1. How much accessible area per residue does the chain have, counting only protein heavy atoms and a probe of 1.4 Å, in square angstrom?
2. Can you list the cysteines of the chain that have no other Cys Cβ under 4.7 Å away?
3. Could you give me the ³J(HN,Hα) list for the range 276-289, computed from phi with Karplus coefficients 6.51, -1.76, 1.60 and θ = phi - 60°, whole Hz, x at Gly and Pro?
4. Hey, how many Å between the Cα centroid of the range 156-212 and the Cα centroid of the range 279-312?
5. Keeping the other protein chains in place, figure out the carbon and sulfur percent of the accessible area of the chain, with a 1.4 Å probe.
6. Using +1 on the beta carbon of Lys and Arg, -1 on that of Asp and Glu, and nothing else charged, what's the dipole of the chain about the Cα centre, debye to 20?
7. Could you tell me which of 267, 195, 215 has its Cα farthest along the dipole of the range 195-269 towards the positive end, charges placed at Cβ (Lys, Arg +1; Asp, Glu -1), taken about the Cα centre?
8. Apply the Karplus curve 6.51 cos²θ - 1.76 cosθ + 1.60, θ = phi - 60°, to the phi angles in the range 80-87 and return the couplings in whole Hz, x for Gly and Pro.
Amino acid sequence: MNQISDVKTIVKRAAEQAGFDLAGIAPAADAEELEHFPEWIADGHAGEMKYLEARDDHGSLKRASLGRVAPWARSVVVCAINYNTENPYSTEVHDSTRGWISRYAWSREDYHDAVLRRLKQVEAALHQAVPAESEPTLTTRSYVDTGPVVERVFAKYAGVGWIGKNTCIINQKKGSWLFLGVILTSLELAPDLPAPDRCGTCTRCIDACPTDAILAPYQLDSNKCISYLTIEKRGSIPGDLRSGMGRHVFGCDICQDVCPWNRKAPAATAPEFDPRPGLVNPALAWLVEMSVEEFREAFRGSPIRRTKRSGLRRNAVIAMGNSGNREFLSLLDQLAADEDQTVSESARWARAKLRTSTE
Ligand code: B12
Ligand code: SF4
Ligand code: SF4
């Protein structure tokens, strides 16, 4: 075995020891999928997520080319960890008093921290495997979400999974309940084979998306996606998209719940992804009535903090409007006068919706 394939074996073993379910190596090249990125941005599909539009000094989009942001990178180590737990899918629960928090956000620890900690272990193993005196010196950078990298494209070329028509990475054995982490490295490692697309003629995710956010296979308009609306969108949610949100209060799992490759998805082994009490199919009244202190306590170290208390209450109020459950009317009467303008406006919408609801 030569030194480079030795390092590759060490990296993969380190990923396994750190608790990753999958790991692979992609070349640090600009894959053809990245050619679609500038058009996606130009079409406004990033919504208000301005960080996706970051440009270099020449005005070129950073995320469209790794060569622009990390010209020294030769290989990308992609690691993936399963976050699935043995709990129902959103498509299997129907209690009108309850909402849906997406699977990834039930966890005890924010996935950014849980994945980055493991990634740092793999990065350390990589540094140990390469002699300190080697030329050029080894450079590495680890990212979970926040780097200027479209992680899913590199996950495909690392053989971790294919990019499904719902735009998620799907592994033939593990399904798509996976978090990704990437390590850019100056070391040229032998790449793995890209995972072949196994979507075939299936269109379940496109057909099931309640807001028609998947415009065409592999193309998602964030502005319409419930995940974006409930997590990233600040202030009021556009009126025409509220009904499609159903009872989602944080994120959305529908296009993965209906995916045949998730029918037998195994459960995670990492204890950090065990759900916090009350978050699987939570009571809507609990969420809207939450005080500042309760919110802080319930979601300390949780990804749910991202939408802030105001966003979570806004989402829960809209979910009440979509519930068809008129028992919420008296609570919505109170909330229509809430001091938070976004909550009060959403409550007035929800009240009107419930009054005309026939369910
Ligand atoms: C911004 C973002 C979002 C946005 C936009 C999502 C999106 N599809 O782009 C919003 C808020 C909507 C979102 C939602 C979710 N996200 Co998100 N998100 C990201 C983030 C930070 C950047 C993604 C990005 O750059 N998007 C830009 C677009 C253009 O890329 P893309 O959709 O992946 O499209 C590529 C391919 O589809 C490709 N393509 C391939 N073939 C073809 C063919 C044709 C013809 C065309 C046109 C394009 C094309 O072109 C694009 C690249 O140019 C990544 C982390 C990262 N740094 O990568 C996490 C990430 C993608 N998200 C993740 C997760 C878990 C989610 C949610 C499941 C959370 C939830 N339950 O609510 C949902 C899933 C929704 C969905 N169906 O994608 C995981 C995905 C893991 C996985 N198994 O794939 C990531 C990787 C985070 C992580 N580190 O684990 N997310
Ligand atoms: S996450 Fe929900 S809203 Fe977004 S594309 Fe998937 S099904 Fe549609
Ligand atoms: S539901 Fe079907 S089309 Fe969509 S990602 Fe899964 S296999 Fe692919």
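The values are calculated or read from the model by the stated rules, or taken from the named source; none is laboratory data. Keep in mind the model is a prediction, meaning the values are calculated, not measured. Heads up, the Cβs are rebuilt from the backbone with ideal geometry, glycines too, and the neighbour counts pull from every protein chain shown. SASA here: full protein model, heavy atoms, side chains in, ligands and nucleic acids out. Shrake-Rupley method; radii C 1.70, N 1.55, O 1.52, S 1.80 Å.
1. Roughly 46 Å² per residue, with all protein chains present.
2. Cys with no partner Cβ under 4.7 Å: 79, 168, 199, 202, 209, 225, 252, 259.
3. Working through the residues one at a time gives 6, x, x, 8, 7, 6, x, 5, 5, 4, 4, 5, 6, 8 Hz.
4. Answer, in whole Å: 31.
5. Looking at the chain in its full context, I get 49 percent from C and S.
6. For this selection, approximately 480 debye.
7. 267
8. 9, 10, 6, 10, 5, 10, 7, 9
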